[in-house]
Amino acid sequence: MARTRAAALPLSRRNALLALSALGLAGIAARHAAGQATPPAASAVNVEDGVAIKGTDPVAYFTDGRPVAGRRDITAEWGGATWRFASAANRERFLAEPERYVPQYGGFCAWAVAEGYKAPIDPRAWRIVDGRLYLNYNASIQRRWERDVPGNIARANRNWPGIAAQ
């Protein structure tokens with residue numbers, strides 16, 4: 001059997017961009033593993049009128065077990081968005097560990113990301129899975145997402161880097 005040797009192929013522009021993207025994602029993963037929160041690009045956060053997740057306090061999902069409207073006078077800037085909080089204590093929790101409280105996929109609909117696109121959310125359509133907050137478009141879509149939570153999370157995790165960059 002004859003052995004063949006693969007020729008070194010020049011890096012195409014597309015492959016070079018993919019390699020650079022992978023390095024960037026690896027750097028983010030390394031900072032995350034080291035406990036350093038890296039704010040996402042502004043386009044990767046679900047923002048309306050500059051406010052993330054329709055003004056709902058992201059910490060309240062964890063502390064109160066329900067969505068709670070954030071106050072206009074208790075805010076923090078992170079990831080190119082203004083986040084509102086129901087209390088100063090929740091704001092301090094968020095600022096200490098934003099990656100713990102920021103919803104997955106920048107607060108866009110988890111079902112939509114699993115399907116390959118961004119969509120808005122209803123803050124009342126939510127679920128915490130393995131310590132992570134997932135939001136959905138509405139209660140009907142959330143029921144659809146919940147039919148296969150692990151599969152939908154896996155698909156959304158694969159889709160998110162490309163969607164977040166859009």
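The numbers here are math on the coordinates, done by the rules we state, and not lab data. What you are looking at is a predicted structure, and each value in this text was computed from that prediction instead of being measured. Here the Cβ positions follow ideal geometry from the backbone for every residue, glycine too, while neighbour counts run over all protein chains shown.
Quick one: 3J(HN,Hα) in Hz for segment 72-89, Karplus 6.51/-1.76/1.60 with θ = phi - 60°, rounded, Gly and Pro as x. The phi angles translate into 5, 9, 10, 9, 8, 9, 7, x, x, 9, 9, 10, 9, 9, 6, 8, 5, 4 Hz.
Evaluate E = 1/(1 + (r/R0)^6) for Arg143 and Arg71, where r is the Cβ-Cβ distance and R0 equals 30 Å; express this FRET efficiency to the nearest 0.05. Efficiency, rounded to the nearest 0.05: 0.45. The local environment of Asp122, defined by Cβ-Cβ distances under 13 Å, has a net charge of +3 under the rule Lys, Arg +1 and Asp, Glu -1. Charges were assigned to the Cβ only: +1 to each Lys and Arg, -1 to each Asp and Glu. The resulting dipole of segment 85-166 about its Cα centre is roughly 140 debye.
FRET efficiency for the pair Ala89 and Arg158, taken as 1/(1 + (r/R0)^6) with r the Cβ-Cβ distance and R0 = 45 Å, rounds to 0.80. If you average 1/r over every pair of different alpha-carbon atoms in segment 41-164 and take one over that average, what Kirkwood value in Å do you get? One over the average 1/r among Cα pairs gives 14.2 Å for segment 41-164. Divide the volume of the convex hull around the Cα atoms of segment 70-129 by the residue count and you get 100 Å³ per residue. Distance between the 7 Å Cα→Cβ label points at Val129 and Ala96: 2.8 nm.
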